[in-house]
Amino acid sequence: MCFLLLILYEQLNRQILLGQKSKDLVVYENYINKPFPNGESLKDVEKRIAEFIGFIKNNYAGKTVAIVAHRAPQLAFEVLTKKLSWEVAIACDWRNTKKWQPGWKYIIID
């Protein structure tokens, strides 16, 4: 079995997602369709992660890929791979449930 460690440097990191440096509490539910000030919406993140998933499928099919990302991209993986709504993904987020674990597994199927 081949393993590939791909560390994704999230170019649109927290500063770009939120449009500014902020440590304030963010109510993610407010930004599902509406962009963060000077940033992007969670639906925008979903579209970007869907494109990234397509890249993974085309270039790393059958391989194990490790991804390092911030909250919004991780939630987008929840939405896309588990067919969850944004509301459910946010509500079930480990940051809300306090159920952190050392890694999450997402299966990408055609």
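Structure summary
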item	result
Verdict on residue 87 being among the acidic types (Asp, Glu), farther than 20 Å from residue 27 by Cα and modelled with pLDDT of 90 or more	no
Residue match in region 55-76 (condition: within 21 Å of residue 28 (Cβ to Cβ), aromatic (Phe, Trp, Tyr) and at pLDDT 90 or above)	no
Selection status of residue 51, surrounded by 15 or more Cβ atoms within 10 Å (Cβ to Cβ) and acidic (Asp, Glu)	no
Hits in region 54-69 - residues which are in contact (Cβ under 8 Å) with a residue 40 or more places away in the chain, among the hydrophobic types (A, V, I, L, M, F, W, C) and either surrounded by fewer than 18 Cβ atoms within 10 Å (Cβ to Cβ) or under 15 Å from residue 107 (Cβ atoms) (or both)	56, 65, 66, 67, 68
Residue that is nearest to residue 41 (Cα to Cα) [pool: residues in region 70-102 that are touching a residue at least 12 places away in the same chain (Cβ under 8 Å) and assigned to a loop (DSSP other than H, G, I, E, B)]	70
Matching residues in region 29-69 - criterion: being more than 13 Å from the chain's Cα centre (by Cα), of a type in the set (A, V, I, L, M) and assigned to a helix (DSSP H, G or I)	56
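The values are calculated or read from the model by the stated rules, or taken from the named source; none is laboratory data. Every value quoted in this text rests on a predicted model; they were computed, and no experiment measured them. For neighbour counting, all protein chains shown are included, and Cβ atoms are generated from backbone atoms with ideal geometry for every residue, glycine included.
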